[in-house]
């Protein structure tokens with residue numbers, strides 16, 4: 001009995017020893033920065049002088065900050081447009097590519113390839129595509145008879161739409177793979193029984209595919225919203241928040257406030273407001289998922 005307890009204790013010590021590097025890294029690189037930034041959000045500090053306690057002034061300042069309101073609005077617009085469009089296109093692509101057609105693996109790879117391509121490389125390529133004078137997109141539009149095509153990234157009206165298009169194109173493959181995994185887990189017997197009962201393809205999709213995919217859809221909605229609020233690299237390379245403030249997003253605004261204006265306390269407050277927004281949206285989704293997500 002003593003030997004078994006000693007062996008169990010030794011195994012536990014061994015396990016914790018292997019976990020220790022990850023635990024130390026998590027504490028140093030995650031927990032400590034998160035806690036420090038929370039405390040910093042109640043201070044004023046430019047990175048060089050003394051840290052001054054500011055109370056809630058940074059959070060109160062957000063309500064009157066026009067740039068923050070514009071960044072929040074742009075992030076909400078991007079989330080409201082890119083998430084549903086991306087998920088809709090991804091689920092349609094997954095349904096189409098779930099068939100055992102010739103060359104289906106090539107199409108799956110082609111759709112998934114943009115997601116595993118470096119975001120910076122994607123942004124640079126789309127910069128060339130969006131070029132208003134020499135870009136192939138406007139060249140094609142001119143060949144179709146459109147004399148004055150959009151200026152895309154150089155236009156305050158089209159810049160945000162341009163970023164959204166790139167974000168959708170870059171993300172479809174990731175969500176398509178998740179939907180493919182969900183589709184392949186649906187029993188074929190359900191479709192066979194539906195065909196016997198005379199149900200068409202549209203009816204099968206509405207009454208079988210969507211309900212059985214609801215857990216995956218729920219997960220992808222949450223991930224899509226979080227990722228859309230976190231978008232930074234595309235904006236940084238494509239527009240740097242411009243022209244004007246038309247593509248200022250929350251994360252880019254946090255970066256600009258902290259590392260261009262050196263207002264670390266205010267940037268930390270902005271980061272925690274962003275965290276609160278994502279947390280509230282996620283909690284609302286978890287509360288509402290009981291009504292439509294089917295885990296059976």
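Running a GNM on the chain with Cα contacts under 10 Å, which residue among 92, 56, 20 ends up with the highest mean-square fluctuation? It is 20.
Summarised in one figure, the compactness ratio Rg/Rh of the chain, Cα atoms and Kirkwood Rh, is 1.07.
One quarter of the surface of the convex hull around the alpha-carbon atoms of the range 206-268 equals 6.1 nm², the direction-averaged projected area.
Here each label is just a point 7 Å from Cα along the line to Cβ, and for residue 189 and residue 32 those points are 5.6 nm apart. The distance linking the range 1-69 with the range 129-145 is 49 Å (Cα centroid to Cα centroid, whole angstrom). In the range 156-200, the convex hull through the Cα atoms has an average projected area of 4.9 nm², a quarter of its surface area. Here the label points at residue 16 and residue 181, each 7 Å from Cα along the C-beta direction, are separated by 3.3 nm in the simple model.
So for the range 125-235, considering every pair of alpha-carbon atoms, how many percent are separated by more than 21 Å? Above the 21 Å cut-off, the range 125-235 has 57 percent of its Cα pairs.
Cβ-to-Cβ counts within 10 Å put 16, 264, 175, 191 in ascending order as 16, 191, 264, 175, the fewest first. Comparing Cα centroids, the range 184-212 and the range 249-267 end up 50 angstrom apart. Only alpha carbons enter this Debye calculation for the range 1-154, each as an equal point scatterer, and the log10 of I(q)/I(0) it gives at q = 0.10, 0.13, 0.19 Å⁻¹ is -0.86, -1.07, -1.24. In the range 71-201, the convex hull through the Cα atoms has an average projected area of 11.5 nm², a quarter of its surface area.
Each reported figure results from applying straightforward, stated rules to the coordinates on display, with no laboratory input. From a predicted model like this one, the values you see are computed outputs, not experimental measurements. Note: ideal-geometry Cβ built from the backbone for every residue, glycine included; neighbour counts use all protein chains shown.
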